[in-house]
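First comes the structure, then the notes that go with it.
The values are calculated or read from the model by the stated rules, or taken from the named source; none is laboratory data. Because the structure is a prediction, the values reported are computed rather than measured. Heads up, the Cβs are rebuilt from the backbone with ideal geometry, glycines too, and the neighbour counts pull from every protein chain shown.
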There are 2 protein chains.
Amino acid sequence: MQLLLSPTSPYARAVRIALMLKGLDSECTTQWVDAASDTPELVHANPMSRVPTLILDDGTALTETALIMQYLDRRVPHPPLLPSASANTEMALAGRALAMLDAALWIMNNRKYLGADANSNVLGERRLNTLKRTLEAFKSDPPRPVSKVIGMGQILLQVAIEYLEFRLPELNATETSGLGDWGKPLRKLEPFHLTEPH
Amino acid sequence: MQLLLSPTSPYARAVRIALMLKGLDSECTTQWVDAASDTPELVHANPMSRVPTLILDDGTALTETALIMQYLDRRVPHPPLLPSASANTEMALAGRALAMLDAALWIMNNRKYLGADANSNVLGERRLNTLKRTLEAFKSDPPRPVSKVIGMGQILLQVAIEYLEFRLPELNATETSGLGDWGKPLRKLEPFHLTEPH
């Protein structure tokens, strides 16, 4: 397998963590690409030019974090990314974290390519407000504690919190969500360490 | 189950089609909401305020099309949305179609809320170009023909093509992709008929 990814993509980070937790990272080469400048290898595999893109040995190119994680769970069932006792809550958490990442990336892309004021409009403000509201909602309705088996929702939520801390520090993601203690066991794990945003 | 959705969301349309193909639509009430104006029921279930949101009988709120479809496949395995003989190609197709929808929605939201010129910049042009390139790529590398069991990639691709035809007619999605004949068996099915965009 080959994973096409960019150093700044939190989606790519989440997939790397899942690969390591499954013990599949040694079977997977990584190629760093710049999705924004249409690297030929990426465009060839995925004309939508998004990362992460996971190219299987038969050439099939898988994209979209939730689908790649589903593939990894089918390929190597243990440890499961959707533990059977909490599959639905893990999927719910994963969906919420992916929406948080989408909103954060919308804001970041506008800032990067269109300038500091590019989010001073109804869409930018809406995304910032939904992020704030969602972070706050974790205080009254926290996710289940992290245990030995790490679920896809837990991976994605911790990646989203760290991405927000790094890129949108004004949101105070950890404090606003009250998820600092919740995420401690994850931050100690090697797959999270090795992929820290910098 | 309760499905929160908006009439214009192609993601919601794809989930409705999947529910009907699984025979689950009779167990699911639908509530039309306006995601952009923060309907209280939607915000309560999903503070990111995105549709579709599927509320399970225990209150768990599932979001994100790929995850909801995965849930439906776990709940009612037959007919499968990921037929085992073509699971990987269906996932690859689903990922591509979801990225097409994301790009189309980016363009449409900018147009709707920020005006006709809101995509005249590097990000808007990039999304339009990747859409064109991806549509053209189907001509040399068409998806497997539609058979009796409809996969999640096939649902999402047909929904994406019809959404593009409806909202971005300048792309000539059907002609550019050469997928008119490919999609004929899908367009004849009741779940596609009943959910047509208008």
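Quick check: anything in segment A:124-142 of a type in the set (S, T, N, Q), closer than 21 Å to residue B:108 by Cβ and in a helix (DSSP H, G or I)? Looking through segment A:124-142, at least one residue is of a type in the set (S, T, N, Q), closer than 21 Å to residue B:108 by Cβ and in a helix (DSSP H, G or I). Among the candidates B:67, B:81, the residue that is assigned to a loop (DSSP other than H, G, I, E, B), buried (at least 19 other Cβ atoms within 10 Å of the Cβ) and either at pLDDT below 95 or within 17 Å of the chain's Cα centre (by Cα) (or both) is uniquely B:81. Residues in segment A:50-61 that are touching a residue at least 40 places away in the same chain (Cβ under 8 Å) and either aliphatic (A, V, I, L, M) or within 9 Å of chain B (Cβ to nearest Cβ) (or both): A:51, A:53, A:54, A:55, A:56. Could you list, in sequence order, all residues of segment B:149-198 that are in contact (Cβ under 8 Å) with a residue 60 or more places away in the chain and of a type in the set (Ser, Thr, Tyr)? Within segment B:149-198, B:163, B:195 meet the criteria.
For residues that are aliphatic (A, V, I, L, M) and surrounded by fewer than 16 Cβ atoms within 10 Å (Cβ to Cβ), tally how many sit in segment A:12-23. Matching residues across segment A:12-23 total 0.
Yes/no matrix, rows are residues, columns are (1) more than 8 Å from every other protein chain (Cβ to nearest Cβ); (2) closer than 18 Å to residue A:137 by Cα; (3) among the charged types (D, E, K, R):
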| residue | (1), (2), (3) |
| --- | --- |
| B:45 | yes, yes, no |
| B:48 | no, yes, no |
| B:63 | no, yes, no |
| B:67 | no, no, no |
| B:85 | yes, no, no |
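In segment B:101-117, the residue that is surrounded by the most Cβ atoms within 10 Å (Cβ to Cβ) out of those that are more than 10 Å from residue B:167 (Cβ to Cβ) and of a type in the set (Gly, Ala, Ser) is B:103.
This table checks each residue for (1) of a type in the set (A, V, I, L, M); (2) modelled with pLDDT under 95.
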position: A:9; (1), (2): no, no
position: A:18; (1), (2): yes, no
position: A:21; (1), (2): yes, no
position: A:24; (1), (2): yes, no
position: A:57; (1), (2): no, no
position: A:75; (1), (2): no, no
position: A:90; (1), (2): no, no
position: A:105; (1), (2): yes, no
position: A:116; (1), (2): yes, yes
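Only one residue in A:18, A:92 is of a type outside the set (S, T, N, Q), away from chain B (no Cβ under 11 Å) and part of a helix (DSSP H, G or I), so which one is that? Just one listed residue meets the conditions, A:18. When the residues of segment B:107-149 are filtered to those that are among the aliphatic types (A, V, I, L, M) and touching a helix residue (DSSP H, G or I) at 6+ places or on another chain (Cβ under 6 Å), the one that is farthest from the other protein chains (Cβ to nearest Cβ) is B:146. Tell me, which residue of segment B:23-52 that is of a type in the set (D, E, K, R) and more than 16 Å from the chain's Cα centre (by Cα) is nearest to residue B:101 (Cα to Cα)? Filtering first and then ranking leaves B:34. Restricting B:97, B:14, B:36, B:92 to those that are farther than 23 Å from residue B:138 by Cα and either among the small types (Gly, Ala, Ser) or without any contact (Cβ under 8 Å) to a residue 12 or more places away in the chain (or both) reduces the list to B:36.
Would you call residue B:65 under 18 Å from residue B:160 (Cα atoms) and polar (S, T, N, Q)? Yes: the conditions hold for residue B:65.
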